[in-house]
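Q: Just passing along the structure, written as structure tokens.
The values are calculated or read from the model by the stated rules, or taken from the named source; none is laboratory data. Fair warning: this is a prediction, and the values are worked out from it, not measured in the lab. Here Cβ is always computed from backbone atoms with ideal geometry, including for glycine, and neighbour counts include all displayed protein chains.
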Amino acid sequence: MNIRFVGLKIVDKPKVLIVDDDESIRELMEIYLEEDFQVFHAASGTEAIEMTRSKKPALIILDVMLPQKTGWEVCREVRTFCNIPIVMVIL
């Protein structure tokens, strides 16, 4: 469900984009976030940029080590068209 109730008002959940090439990490993060956020996934840098343009998330959780483009490259490219907060994950 993409809405939550605040008092008597219906409020859309904020969107979060999780970007990681490891599916198990994406799934684990979603478990923690899905109650309060509408969660989207991307497994590569290229997919992350496309999803950022189409979904317009409120926050991006971005792994540094990705196929196609690194997290740093994704961050630089996203900054050319929006100012969404980005949390860089370095594991």
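Q: Among the residues of region 7-27, write down those that are assigned to a strand (DSSP E or B) and either among the small types (Gly, Ala, Ser) or at pLDDT 95 or above (or both).
A: LYS15, VAL16, LEU17, ILE18, VAL19 - these are the residues of region 7-27 that are assigned to a strand (DSSP E or B) and either among the small types (Gly, Ala, Ser) or at pLDDT 95 or above (or both).
Q: A further question on this structure: Taking the residues in region 28-63 that are assigned to a strand (DSSP E or B) and out of contact with any helix residue (DSSP H, G or I) (no Cβ under 8 Å at 6 or more places or on another chain) as candidates, determine which candidate is surrounded by the fewest Cβ atoms within 10 Å (Cβ to Cβ). Please lay out each step first, then the result.
A: Here is the first cut: in region 28-63, the residues assigned to a strand (DSSP E or B) are 38-42, 59-63.
With the extra rule that they be out of contact with any helix residue (DSSP H, G or I) (no Cβ under 8 Å at 6 or more places or on another chain), the set shrinks to 38, 59.
Numbers: GLN38: 19, LEU59: 16.
So, considering only residues that are assigned to a strand (DSSP E or B) and out of contact with any helix residue (DSSP H, G or I) (no Cβ under 8 Å at 6 or more places or on another chain), the one surrounded by the fewest Cβ atoms within 10 Å (Cβ to Cβ) is LEU59.
Q: Got at least one residue in region 69-87 being in a strand (DSSP E or B), out of contact with any His (no Cβ under 6 Å at 6 or more places or on another chain) and either buried (at least 17 other Cβ atoms within 10 Å of the Cβ) or polar (S, T, N, Q) (or both)?
A: The answer is yes; a qualifying residue exists.
Q: Another one. If GLN68 meets every condition in (1) within 21 Å of VAL39 (Cβ to Cβ); (2) modelled with pLDDT under 95 apart from one, which number is that one?
A: The one condition GLN68 does not meet is (1).
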